[in-house]
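A.B. asks: I have a structure I would like to understand better, so I am pasting it below and will then ask my questions one at a time.
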Amino acid sequence: MAAYGADVLNVAYAYVRNYHQAQDIAQDVFLRALTKMESFRGESSVKTWLLSITVNRCKDYLRSWAVRHEVQDEEQMALREAASDTEAEAVNRLERERIWQALQQLPLKYREAVVLYYMRGLPGHEVARVLGISEQNVRTRLHRGRAMLRQMLEEEVDRHERL
């Protein structure tokens, strides 16, 4: 949990957009991994295996009856970074929130690829393994996801300039 807990939690949050539910899923992922340790074949890294479990658990949750009948909260995950310069940290935090909000607007298939590749640092072949798609499909999703993010952020800048 110490090594991969943040990765699992962030991937879960990218899917469910609810910090408390992401914590529950992360806890469930580690419990499942512990009980299924003998099924780990070593064909991938432990991180890839845990993130695969996370993605599958999130997809199960999103298909569940409970999620279709509950109100989603849009609370942001708390960022716990020490800042030596208050003004610089405030600017950095606003920028991270702006990018995170734009990322949350991406369709799920693009968001999951972008989060795994850029935010969790997985190489393309591991993203492909986690998502159960080809590496070419990962590259396509990353390209399209980046283009959508760029467009959203440029539109936001244009709106602010007009004000």
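The values are calculated or read from the model by the stated rules, or taken from the named source; none is laboratory data. Bear in mind that the values here come from a model prediction, so they are computed numbers and not experimental data. Every residue, glycine as well, gets a Cβ built from its backbone with ideal geometry; the counts of neighbours run over all protein chains shown.
A.B. asks: Return the residue satisfying two criteria in turn: it lies in the stretch 5-17 and is surrounded by fewer than 21 Cβ atoms within 10 Å (Cβ to Cβ) and of a type outside the set (D, E, K, R), and of such residues it is farthest from the chain's Cα centre (by Cα).
C.D. replies: Looking only at the stretch 5-17, we keep the residues that are surrounded by fewer than 21 Cβ atoms within 10 Å (Cβ to Cβ), and these are 5-7, 9-10, 16-17.
In the following step, the residues that additionally are of a type outside the set (D, E, K, R) were identified as 5-6, 9-10, 16.
Details: Gly5: 13, Ala6: 11, Leu9: 8, Asn10: 5, Val16: 9 Å.
This residue is Gly5.
A.B. asks: Given the conditions (1) modelled with pLDDT under 85; (2) outside the structural domain of Ile133 (by TED's automatic domain parsing), and given that Ala6 satisfies all but one, which numbered condition is not satisfied?
C.D. replies: Tallying (1) modelled with pLDDT under 85; (2) outside the structural domain of Ile133 (by TED's automatic domain parsing), Ala6 fails exactly one: (1).
A.B. asks: Could you grab the pairs with beta carbons closer than 7 Å, sequence gap of 6+ or different chains, first residue in the stretch 119-142 and farther than 19 Å from Val8 by Cα, second one basic (Lys, Arg) and surrounded by fewer than 18 Cβ atoms within 10 Å (Cβ to Cβ)?
C.D. replies: So the pair list comes out as Arg141/Lys109.
A.B. asks: Just the residues that are part of a helix (DSSP H, G or I) and out of contact with any helix residue (DSSP H, G or I) (no Cβ under 7 Å at 6 or more places or on another chain), please, taken from the stretch 1-20. It would help to see each step written out before you state the result.
C.D. replies: First, pick out the residues of the stretch 1-20 that are part of a helix (DSSP H, G or I): 5-16, 19-20.
Selection gives Ala6, His20.
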